[in-house]
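The values are calculated or read from the model by the stated rules, or taken from the named source; none is laboratory data. Bear in mind the structure is a predicted one, so any value in this text is a computation, not a measurement. Here the Cβ is made from the backbone with ideal geometry for all residues, glycine too, and neighbour counts use every protein chain on show. Keep in mind that these areas ignore ligands, DNA and RNA; they rest on the heavy atoms of the full protein, side chains included. Shrake-Rupley method; radii C 1.70, N 1.55, O 1.52, S 1.80 Å.
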Amino acid sequence: MASALAPDPTAEPSLDRLSALLDRFRVRAHWLHAGPLCGVTHFDAAQGHGFVHVLRRGTMTVAHPVRSGAARRLRVDEPTLLFYPRPLAHTFHNPPAEGSDFVCATLAFEGGARHPLARALPPLVALPLREAPGLEHTLALLFAETEQLRCGHRLLADRLFEVLLIQLLRWLLDHAHACGLPPGLITGLGHPQLARVLVALHEQPGQDWSLERMAARAGMSRSAFAAAFRTAVGQTPADYLADWRLALAQAALRAGRPVKQLAPELGYANPSALSRLFRQRMGCSVRDWLASDAPVPG
């Protein structure tokens, strides 16, 4: 990742590219650790959970499983934010005595692996803090809250980790192309014309979004829009819209809402059309999926 990257000059700063996503699919942070880590520390992969670590001082090597998509071994020798948007086991190798200083949190993505941002990002984002100067105020507050016991400090630390995550996502959106992120939602939202369409789909999923209408929203021809969308997002516009609607349907079904109520809200003429999409994408009926998705009593 190149240093001192400037924001994409073609981005539209007036367009809110995150709120509709994070309003519908929340991410909750839970403070895990503050202070030194010495020797070997292993973090297990947990279903639906990611991690954010901030190396404040020291150096370390982080190791990942073979074929995980992340570097097998990564040397970190300056203050750095490490963001794992999906479950991925990782192991820190720190000096055995003096160690290195961290603050760490787990991240619970609503919808688990189908959370749109969790799916869109690489397995690891490693961002040296010197490259993102806008984070320093939130980090200063976070460090202050995790250094001493005060009323509500754990709750406040959780919320500060969530603020830090939103700021990191902003940074990634503003530097999507320069960072060389793979095709996906973040690179699509980093494209000024495609972002207008993606935000509209997120905010109004029940509208009649034909290819013509999406292209018009982007201010592009149908062919140019379809090609640019597939290149940036890695899917056709129709497939992305279907996946977005399906993710919304799953979240609502978990909350107990019936298919017949959801279908018109998501742009389907009748419940059967939504049920067909569900079976095509998930390989089972809504009823079977709800049964398999139910939490196991503890």
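So that you can scan it fast, the table gives a plain yes or no per residue for (1) buried (at least 21 other Cβ atoms within 10 Å of the Cβ); (2) out of contact with any helix residue (DSSP H, G or I) (no Cβ under 6 Å at 6 or more places or on another chain); (3) under 16 Å from ALA29 (Cα atoms):
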site: GLY99; (1), (2), (3): no, yes, no
site: VAL103; (1), (2), (3): yes, no, yes
site: LEU107; (1), (2), (3): yes, yes, yes
site: GLY112; (1), (2), (3): no, yes, yes
site: ALA118; (1), (2), (3): yes, yes, yes
site: GLU131; (1), (2), (3): no, yes, no
site: GLU136; (1), (2), (3): no, yes, no
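Which condition does LEU169 not pass, out of (1) open to solvent by 10 Å² or more (accessible area, probe 1.4 Å); (2) at pLDDT below 95, if it passes all the others?
(1)
Out of the residues in segment 242-293 that are of a type in the set (A, V, I, L, M, F, W, C) and open to solvent by 50 Å² or more (accessible area, probe 1.4 Å), which is farthest from GLN207 (Cα to Cα)? Before you say what the answer is, go through the steps one by one.
Within segment 242-293, the first condition is being of a type in the set (A, V, I, L, M, F, W, C), and the residues that meet it are 242, 244, 246-249, 251-253, 255, 259, 262-263, 266, 269, 273-274, 277-278, 282, 284, 286, 289-291.
Narrowing the set further to residues that are open to solvent by 50 Å² or more (accessible area, probe 1.4 Å) leaves 255, 269, 282, 290-291.
Numbers: ALA255: 23, ALA269: 11, MET282: 23, LEU290: 26, ALA291: 30 Å.
Per the criteria, the residue is ALA291.
Across segment 191-216, which residue is surrounded by the fewest Cβ atoms within 10 Å (Cβ to Cβ) among those that are of a type in the set (D, E, K, R) and more than 25 Å from the chain's Cα centre (by Cα)? Don't jump to the end; show me each part of the working.
As a first pass, look at segment 191-216 and keep what is of a type in the set (D, E, K, R): 196, 203, 208, 212-213.
Those still in the list that are more than 25 Å from the chain's Cα centre (by Cα) too: 208, 212-213.
Values: ASP208: 6, GLU212: 11, ARG213: 13.
Per the criteria, the residue is ASP208.
What helices (runs of 4 or more DSSP H) lie completely within segment 160-236 and have 3 or more residues being closer than 30 Å to ALA105 by Cβ? Working first, answer last.
Values: elements: 185-189, 192-203, 211-218, 222-233.
By residue number, 185-189, 192-203.
Can you name the number of the only condition in (1) part of a loop (DSSP other than H, G, I, E, B); (2) more than 26 Å from ALA178 (Cβ to Cβ) that ASP101 fails?
The failed condition is (1).
Test each condition in (1) in a helix (DSSP H, G or I); (2) of a type outside the set (Asp, Glu); (3) at pLDDT 95 or above for THR91 and report the one that comes out false.
All conditions are met except number (1).
With respect to THR187, determine if the residue is open to solvent by less than 30 Å² (accessible area, probe 1.4 Å) and more than 19 Å from the chain's Cα centre (by Cα).
Taking the combined requirement at face value, the residue does not satisfy it.
If I ask for residues that are open to solvent by 40 Å² or more (accessible area, probe 1.4 Å) and either in contact with a strand residue (DSSP E or B) (Cβ under 9 Å, 6 or more places away or on another chain) or modelled with pLDDT of 95 or more (or both), which ones from segment 17-33 would you list?
Our first condition is that a residue be open to solvent by 40 Å² or more (accessible area, probe 1.4 Å); within segment 17-33, this holds for 19, 23-24, 26, 28, 30, 32-33.
Across segment 17-33, the qualifying residues are ARG26, ARG28, HIS30, LEU32, HIS33.
Under the condition of being open to solvent by 60 Å² or more (accessible area, probe 1.4 Å) and touching a residue at least 24 places away in the same chain (Cβ under 8 Å), which residue from segment 72-97 is nearest to LEU169 (Cα to Cα)? First the steps, then the outcome.
At the first step, the residues of segment 72-97 found to be open to solvent by 60 Å² or more (accessible area, probe 1.4 Å) are 72-73, 75, 77, 86, 93, 96-97.
If we keep only those that are touching a residue at least 24 places away in the same chain (Cβ under 8 Å) as well, we get 86, 93, 96-97.
Numbers: ARG86: 15, HIS93: 27, PRO96: 33, ALA97: 35 Å.
Only one residue tops the list, namely ARG86.
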